[in-house]
Structure formats: C-alpha cells, structure tokens
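**Student:** Okay, handing you the structure first.
The values are calculated or read from the model by the stated rules, or taken from the named source; none is laboratory data. Predicted model only: the values in this text are computed from it and were never measured. Neighbour counts run over all protein chains shown; Cβ positions are idealised from the backbone, glycine included.
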Amino acid sequence: MNTSNGQSHPEYRHLLGIEGMTATEITALLDLGDRYLQHYRDDAQIPKVLKDRTQINLFFEDSTRTRTSFELAGKRLGLNVINMSVASSSIKKGETLIDTAMTLNAMRPSALVVRHNASGAAALLSQKVSCSVINAGDGSHEHPTQALLDALTIRRRKGRIEGLRVAICGDILHSRVARSNIHLLNTMGSRVRLVAPPTLMPPFIENLGVDVHHDMREGIKDVDIVMMLRLQKERMQGAFVPSTREYFRYYGLDADKLAHAKPDALIMHPGPMNRGVEIDTVIADDIDRSAIQEQVEAGVAIRMACLDALCTGSLENTA
Ligand code: ASP
Ligand code: CP
C-alpha cells in the first residue's frame, strides 16, 4: 500500500489514503475483507493471526462506527486493543500530537489507528513512529477504510464495481468520505457523479474525473448507487445552506427524488445520519433498498483485512 504522499515506508506499511492505491491493492483488500465477512456470517473460527500484538486507537474526533469496529476487528484477530481516551490524556496538559504518538510508539504497538480533525495528521504521524498507521479520518481529506467498506458493500450487492453509475450527494466540500470514495470508485472503473448545492461543491472537483450536478433529480437519474452524506456542521464556519428544511426539500433523499434513480438503485450512507435533513427516514429504513446496516457490518470485516494486511505484510506483493 502506498502512503498518501506517494512514498512507502521501508519497513512499515501504512493506510493513509485511497489516493495512489492501485486497483490490484484495493481488490486484494476487498477479497480479504470478503473472506472475513463470510467467516463471521458462517460463525466460522477466525484464526488469531495477530495474537499478542497491540493496536492503539487514538481518536481526537468523535466516532461510533469506526472506533467500535476497529476495536472489534483487532480483537477478532487476537490483538490487544487499547482505546486511548484523548479527553483524559496528557494532551489536556499541552502534550502535542507528535509527542503523544511517539510516547505511544515507545510502548511498541503494531498499529496506531488515528482520527484527527487536521488533514494530513495521520501522514505526519506515520513519519514519526515505527508501527503501521491507519487513517481513521483526517479532517476533510480522507477516510480510506470507509471507502473500502463501501466498495465491499457495493461489490457484494451488485456483484461488481466497474461500470456502475454512482451518485455521491450532499456536503461534498467537507467530506473525507466523498474524497476517498471518488478515488476508489474512479480507480475501480465506476462513473462518479457529485450532487450538491454550489456552496457545498469544492471548486475544480471535476478535475478528479467526476460529473458535477446541482440538481438532485438530474444528478441521480439512472444511477445504480445513491450515496448520501451528512452536513458536516463541525467543519463549517458560517452558513452554507439557508435552512435544513430548505436543504431537505432540494437535496434530501426522499421517495420522489429516488424515483429518478434505477429501480434497483442501492441507498448508502456512511453514518451518522441526520434523518429529515439529508435523508428521509422511510428511505433510510427500507430494508430492500438501503444498505446502511450492511455498510456497518462490512466495516468490521474490512478493518480486519486492513489490520491483517498491514501487520503481516500479506499484501506486499500485490502493488
Ligand atoms: N462518519 C463519517 C466521517 O467521520 C461521516 C460523517 O461523520 O458524516 O467522516
Ligand atoms: N462512518 C463513520 O466514520 O462513522 P463514525 O464517525 O461514527 O465513526
């Protein structure tokens, strides 16, 4: 796996972003994640390939899904998992991010899972520590394991990723999920459309090889996948939408807008959802169309695959 700055650490492999990863590397992780998901569904014994090694979760931003699933993933592989509580750590006494990471590194973990509100935080740490670093979300930059779990969900439901039309809708500007998904879906041969009001669309984003739409009905016309995003209010300074009510009217996914997508279009959302803001509650809970709970399940399997691949070096020869 490449680091996001295009360099590979000579001894330790990191997962810092999807950008720069090859289709072969992505496919290898999806295949491994698929096997772990099937093992789990079959209630099969999962080999503790990382027994007695240590994983430290270092989350500077709130999380329900990512932190819990990384913890479960590590434990299923036999890792000792430590969740460092940032709120009660010496960061409150002024210790820096780098000093914190170097302190944890001295305890010789195999993997450090980091979420931070600054873009590039995980990449910075990867240069300072001697273990694998996994980016669990850095500012509005990347959330690579989210894109991988989304891809696994799509592949299981649709049988392929290549050739699908995927609409990513909502607050693209502040979304690391959107960025990681754009890189992954483009690499895997999907056709990506972005749908957002002009205020929430990053300038020049079409340079990434995506189609840009401001009208939701046009944007999701005939797509196979509708991926909805939350308004990332924690990253907004000032008002980006007139009101959430108006936002829902024009950009919220409801039955009327969804009717423009393919009849079997899959509905996805990384979570957490704000019902009635970006997605109607009936649509979110539609068990035939919505893959939201499957995304969460795939999250544990894909994180097992990433921990396994990085800590054992099992994907070294796939690049
Ligand atoms: N949970 C995802 C993230 O951390 C998406 C979101 O928060 O809306 O990026
Ligand atoms: N999708 C996602 O990253 O969820 P959390 O913020 O709850 O971890």
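**Student:** Would you mind stating whether T312 is surrounded by fewer than 17 Cβ atoms within 10 Å (Cβ to Cβ), of a type in the set (S, T, N, Q) and under 30 Å from S110 (Cβ atoms)?
**Tutor:** yes
**Student:** In addition: Which residues, taken from region 252-274, are farther than 20 Å from G163 by Cα, within 15 Å of ligand 1 (Cβ to nearest atom) and touching a helix residue (DSSP H, G or I) at 6+ places or on another chain (Cβ under 7 Å)?
**Tutor:** Listed by number, the residues that qualify are L253, H269, P270, G271, M273.
**Student:** Based on this model, can you work out whether E218 counts as assigned to a helix (DSSP H, G or I) and at pLDDT below 95?
**Tutor:** Here the answer is no, as E218 does not meet what is asked.
**Student:** Please list, ordered by first then second residue, the pairs with beta carbon atoms under 7 Å, 6 or more apart or interchain, first in region 175-191 and over 15 Å from G163 (Cα atoms), second among the basic types (K, R) and surrounded by 23 or more Cβ atoms within 10 Å (Cβ to Cβ).
**Tutor:** none
**Student:** Which residue out of G238, G252 is of a type in the set (G, A, S) and either under 19 Å from D288 (Cβ atoms) or touching a residue at least 12 places away in the same chain (Cβ under 8 Å) (or both)?
**Tutor:** Residue meeting the stated conditions: G252.
**Student:** Filter region 172-188 for residues that are in a helix (DSSP H, G or I) and of a type in the set (S, T, Y) and give the result.
**Tutor:** Answer for region 172-188, where residues must be in a helix (DSSP H, G or I) and of a type in the set (S, T, Y): S180, T187.
**Student:** Right, next: Among the residues of region 147-171, which ones are surrounded by fewer than 24 Cβ atoms within 10 Å (Cβ to Cβ) and assigned to a strand (DSSP E or B)?
**Tutor:** Passing the criteria: only R165.
**Student:** Out of all the residues in region 45-70, which are within 16 Å of ligand 2 (Cβ to nearest atom) and exposed (fewer than 14 other Cβ atoms within 10 Å of the Cβ)?
**Tutor:** The answer is D62, T64.
**Student:** Residue check, I302 against (1) out of contact with any Pro (no Cβ under 9 Å at 6 or more places or on another chain); (2) within 14 Å of ligand 1 (Cβ to nearest atom); (3) under 17 Å from Q38 (Cβ atoms), all met but one. Which one?
**Tutor:** (2)
**Student:** Please work out which one of (1) crowded, with 17+ Cβ neighbours inside 10 Å; (2) of a type in the set (A, V, I, L, M); (3) away from ligand 2 (no atom under 16 Å from the Cβ) is the condition L15 fails and give its number.
**Tutor:** Failing condition for L15: (3).
**Student:** Show the residue pairs meeting these rules: Cβ distance below 7 Å; 6+ apart or different chains; first residue within region 83-95 and closer than 16 Å to V114 by Cβ; second residue in a loop (DSSP other than H, G, I, E, B).
**Tutor:** V86/F60
**Student:** If we scan region 143-157, do we find a residue that is without any contact (Cβ under 8 Å) to a residue 60 or more places away in the chain and within 16 Å of ligand 2 (Cβ to nearest atom)?
**Tutor:** No, there is no match, as no residue in region 143-157 is without any contact (Cβ under 8 Å) to a residue 60 or more places away in the chain and within 16 Å of ligand 2 (Cβ to nearest atom).
**Student:** Let me ask you something else. Of the residues S140, S119, S130, which is polar (S, T, N, Q), closer than 29 Å to R191 by Cα and surrounded by fewer than 19 Cβ atoms within 10 Å (Cβ to Cβ)?
**Tutor:** S119
**Student:** Would you check which residues across region 286-299 are within 12 Å of ligand 2 (Cβ to nearest atom) and either under 13 Å from R156 (Cβ atoms) or buried (at least 24 other Cβ atoms within 10 Å of the Cβ) (or both) and list them?
**Tutor:** Answer for region 286-299, where residues must be within 12 Å of ligand 2 (Cβ to nearest atom) and either under 13 Å from R156 (Cβ atoms) or buried (at least 24 other Cβ atoms within 10 Å of the Cβ) (or both): Q295, A298, G299.
**Student:** Residues in region 192-203: is at least one part of a helix (DSSP H, G or I) and in contact (Cβ under 8 Å) with a residue 40 or more places away in the chain?
**Tutor:** Taking every residue of region 192-203 in turn, at least one turns out to be part of a helix (DSSP H, G or I) and in contact (Cβ under 8 Å) with a residue 40 or more places away in the chain.
**Student:** Here's a check for you: in region 255-275, which residue that is free of Cβ contacts under 8 Å to residues at least 24 places away in the same chain and not in a loop (DSSP other than H, G, I, E, B) is surrounded by the fewest Cβ atoms within 10 Å (Cβ to Cβ)?
**Tutor:** Filtering first and then ranking leaves D256.
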